[in-house]
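Trainee: Here it is, the structure in full.
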Amino acid sequence: MELYDAIKNRHSIRSFSPEPVPEDLLLQLADAAQQAPTASNLQAWKFLFVTDPDLKEKVDLVSPGLSGKPPVILVICSDMEKASRKGGRNSEVYGCLMDASMAAENLMLRAVELGLGTCAIKSFNETAVRKILEIPQKYRIEMLISIGYPEGNPRCPKRPPADEITFFNHFPQDDVQPQSIACNDFPASDSKPVIKRKSTDPELELFIYLITSAKALPDEPVSYGPIRLTEAASKLCRILCGKYPESEEYQALRSCIDKDKGKALTEPEAFSQMLKHISEILVECL
Ligand SMILES: Cc1cc2nc3c(=O)[nH]c(=O)nc-3n(C[C@H](O)[C@H](O)[C@H](O)COP(=O)(O)O)c2cc1C
């Protein structure tokens, strides 16, 4: 099945046949789900498929959003211990839910391909579902998804044509509200300070990068700090290359940083080695 066909044919299913869904299909759904992107590559999700009739009946009772007696109820959870350890506040507040949502959409599209129907459910009693399924406290329940073979014709809410909800570069002028920057050192009048330099100016680019990174870092995973600093070092190196075009060392240092800076998350050992190597070179100019 073409991806776009799966996208167009996915509809929330609220009426299911009682036919059970084989376990290997459920594993295929989980496999599709976990191919989704996650903030900071956290992958803090867990997928609990509930097929036991007694447990399902109880979950159904405490989930007003659930309908159609699905043969399977999936509970998508996030490991919040992992999230707070590795993901920072952003992961706790919204990252995990966004990750779970991305996984859910992957799963729902794969379900279409496998002839299954699904419906995302957010209306459920979290405390009760936790108790019924004995879900440990460290897992946050993000959503339920009902799964099964569809019966009857689903409701298919219409979408407007894409060009009605799409804009390029700017919202229409009548939608734009003037924004104000609160800072006591700037004149409070209409005359907002305008920086005349262009953001492609390397020093200004570095300045913008440092300020926006400092604003974001407190809520981001701790491992992002070294990445941001290294990126800033690379930008500074670019400035030094421009200032001292005859010095090949800066060019070499910059290539070295740029080659390995992305490894902070995937290969921390190689990232650390690169920083050690550059530190040793820099110590020589003290
Ligand atoms: C985050 C989220 C929560 C939802 N919760 C429920 C729910 O509790 N009960 C329900 O019947 N449908 C629920 N839905 C399904 C929506 O009602 C459905 O996606 C929407 O009406 C559009 O229809 P479609 O999915 O068929 O395109 C939820 C969907 C999302 C994305």
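The values are calculated or read from the model by the stated rules, or taken from the named source; none is laboratory data. No experiment lies behind these values; they were computed from the predicted model shown. All Cβ positions, even for glycine, are placed from backbone atoms using ideal geometry, and neighbour counts span all protein chains on display.
Trainee: Working only within the range 12-44, note down all residues that are aliphatic (A, V, I, L, M), within 16 Å of the ligand (Cβ to nearest atom) and in contact with a Gly (Cβ under 9 Å, 6 or more places away or on another chain).
Mentor: The answer is Ile13, and nothing else.
Trainee: Another question about this same structure. Search the range 49-86 for residues being touching a residue at least 24 places away in the same chain (Cβ under 8 Å) and more than 22 Å from Gly117 (Cα to Cα), and hand back the single one that is nearest to the ligand (Cβ to nearest atom).
Mentor: Ser78
Trainee: In addition: Could you go through the range 240-258 and let me know if any residue there is closer than 18 Å to Lys86 by Cα and touching a residue at least 12 places away in the same chain (Cβ under 8 Å).
Mentor: No: the range 240-258 contains no residue that is closer than 18 Å to Lys86 by Cα and touching a residue at least 12 places away in the same chain (Cβ under 8 Å).
Trainee: Against the definition (part of a helix (DSSP H, G or I), among the acidic types (Asp, Glu) and surrounded by fewer than 16 Cβ atoms within 10 Å (Cβ to Cβ)), how does Asp54 come out, yes or no?
Mentor: It is true that Asp54 is part of a helix (DSSP H, G or I), among the acidic types (Asp, Glu) and surrounded by fewer than 16 Cβ atoms within 10 Å (Cβ to Cβ).
Trainee: Just checking, does the range 93-108 include any residue being surrounded by fewer than 19 Cβ atoms within 10 Å (Cβ to Cβ) and at pLDDT below 95?
Mentor: There is at least one residue in the range 93-108 that is surrounded by fewer than 19 Cβ atoms within 10 Å (Cβ to Cβ) and at pLDDT below 95.
Trainee: Looking at (1) more than 11 Å from the ligand (Cβ to nearest atom); (2) small (Gly, Ala, Ser); (3) part of a loop (DSSP other than H, G, I, E, B), which one does Ser123 not meet, given that it meets all the others?
Mentor: (1)
Trainee: Would you please list the contacts, defined by Cβ atoms under 7 Å and residues six or more apart or on different chains, that run from a residue in the range 146-160 that is touching a residue at least 40 places away in the same chain (Cβ under 8 Å) and of a type in the set (Gly, Ala, Ser) to a residue that is within 11 Å of the ligand (Cβ to nearest atom) and not in a loop (DSSP other than H, G, I, E, B)?
Mentor: Ser146/Thr118; Ser146/Cys119; Ser146/Ile121; Gly148/Gly117
Trainee: Which condition from (1) at pLDDT below 95; (2) of a type outside the set (Phe, Trp, Tyr); (3) farther than 22 Å from Ile135 by Cα; (4) surrounded by fewer than 17 Cβ atoms within 10 Å (Cβ to Cβ) is the one that Ala39 breaks?
Mentor: (4)
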